[in-house]
C-alpha cells in the first residue's frame, strides 16, 4: 500500500472513531438528561402513576404548573408535585388527581344505626366504605389512624365502583354508606358509586362533616337518600381551635342538603369545657329548628378521650341529659343521646301521642311500631325514610 493510501486509511479511521465517540457521547448525554428528569420528577412527586389514578373534579390551572382545588372551602393552591390539605388530591404534571379513587381502606357491613341514622331503614344493614385522608384536623378524631394518613401509605386493592355496588348487593345491605373518614376526600369515587347504586336501586347515605363547597355538594345531592352531618360546635372559635375548619361552611352545607330534599340527621359530639356550655347547645338547637325544621333528628354523642384530647375526661352523663332537655325545650321533636349505657337515650317516641315507636339497645332494634311511615297508635306521620 502506498504512503498516500495509508494516509487516507488512517484519516478515514480517525473520522469513523470520532463519529462513534460522538454518538456515544450524545447517547450518554441524553441518557443522563432522561435520568435527571426522572430523578427530579421523583423528588418533586411527578412520578409515573397507575393508570387507574383518576383526574379530579373541581379544580383549575393556576399558572406556573400550579393548580387550584375548588372541592372544599380551603381552595388549596397546590404546586407541581404537591398535594392539598386533605392529602388526597395531588398535582401531577400540572393536573390534579385523586389519590383515593378506588382505594377503600375500610369496607364493612354495619347496622344503619351505627352511622348514626335513626330515621332511615331502622334495623337494616349498610355497606360502608371509606378512604384515607380528611380535609379537617379534629383533635378528637375517632378514626385518626386512617383519616390522618397519606392515601399511598395504606396498601389496599383497587376496587372499581361497579365492584362496590356488586358486593353491596351480594351482602344484602339495604344501603351503601360513605362514612368512617370524611367522604369529601373521596368525592369522585363516592359520586361514581352513588350513581351506579341509584341505577341498581340501592339508596346511598353519607356521614360527613359537611365541609365542602356548594357546587360539588349540589352535584352529589341527587344521589343521596340521607346524610348525617357532624355539627361539631356552634362557634367559629371552636371550629378553628378544635377542627381547623369553619362553622359557616358547614351550616351552608346543611341548608343545601335540606333544600335538595336529602333526609338530614345532625350529630353533635359534646366535649367537656370545649362546646358544652348551655348557650352553645341552645344556639345550636335553635339554629337546627329554625333552618332545618323541628323534625330533624339531633344526636348528642358522648366524648371519650382519644387522639390529641386523650387527657380530657369523658362527657359527664348529666351534661348529655341536660343537652337533650335543652333540645326538647327548644322545640325539637326527635332528640337522641348516644354512647351512654342508658338505652332510653336512643329510643324514638311519637311527637304527637308520646308512645314508644322504636326501642333500641345499642345498634339493635328491639321493637318497631312504625307502620308505613306512621305511628301504630295514633296514625301520625313520622318523618324519615322507612321500609
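Laboratory data are not the source of any read-out in this text; all were calculated from the coordinates shown. Just so it is clear, the structure is predicted and the values come from calculations on it, not from any experiment. Cβ sites come from the backbone with ideal geometry, for glycine too, and all protein chains shown count toward neighbours.
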Relative contact order of the stretch 234-387, please, whole-number percent, based on alpha carbon pairs below 8 angstrom and at least 6 residues apart. 16
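At 222 nm, what value in deg cm²/dmol follows for the chain if DSSP H runs of at least 4 each add -39500 (n - 2.57) and the sum is divided by all its residues, to the nearest 500? Could the numbers behind the result be given before it?
Numbers: 8 runs with 118 residues, N = 387.
So the calculated ellipticity at 222 nm is -10000 deg cm²/dmol.
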Would the stretch 54-98 count as rounded, prolate or oblate if I go by the C-alpha gyration tensor, calling it rounded below 1.5 in a/c and otherwise prolate when a/b exceeds b/c, oblate otherwise? rounded
Against the longest principal axis of the chain, how steep is helix 3-44, in degrees 0 to 90 to the nearest 10, with axes from Cα atoms? 10
Using Cα atoms only, what is the angle between the long axis of helix 161-171 and the major principal axis of the chain, expressed in degrees (0 to 90) to the nearest 10? 40
Sequence ranges 76-89, 251-264, 183-196, ranked by mean other-Cβ count within 10 angstrom, highest first: 183-196, 76-89, 251-264
Relative contact order (percent, whole number), the chain, Cα cutoff 8 Å, 6+ residue spacing: 11
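At a Förster distance of 35 Å, what's the computed FRET efficiency of residue 325 paired with residue 137, Cβ-Cβ distance as r, to 0.05?
Numbers: r = 32 Å, r/R0 = 0.92.
With a Förster radius of 35 Å, E is 0.60.
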Looking at the square roots a ≥ b ≥ c of the eigenvalues of the Cα gyration tensor of the stretch 129-232, which shape do they give, rounded for a/c under 1.5, prolate if a/b is larger than b/c, or oblate? oblate
Percentage relative contact order, the stretch 54-98, counting C-alpha pairs under 8 Å, at least six apart: 35
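Among DSSP beta bridges lying fully in the stretch 106-342, give the percent that are antiparallel, nearest 5. Present the calculation step by step, with values, prior to reporting the outcome.
Details: 6 of 31 bridges.
Percent antiparallel among DSSP bridges in the stretch 106-342 is about 20.
Set the Förster radius R0 to 30 Å, insert the Cβ-Cβ distance between residue 106 and residue 199 as r into 1/(1 + (r/R0)^6), and round the FRET efficiency to 0.05.
Numbers: r = 24 Å, r/R0 = 0.81.
The formula returns an efficiency of 0.80 here.
Given the Cα atoms of the stretch 67-164, and with Rh set as the inverse mean 1/r over their pairs in the Kirkwood sense, what is Rg to Rh to two decimals? Numbers along the way, then the final one.
Numbers: Rg = 15.6 Å, Rh = 15.2 Å.
My calculation of the ratio gives 1.03.
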What's the FRET efficiency of residue 286 with residue 93 using the Cβ-Cβ distance as r and R₀ = 56 Å, to the nearest 0.05? 0.65
Mind checking the angle between helix 278-292 and the chain's longest principal axis? C-alpha axes, 0 to 90 degrees, to the nearest 10. 80
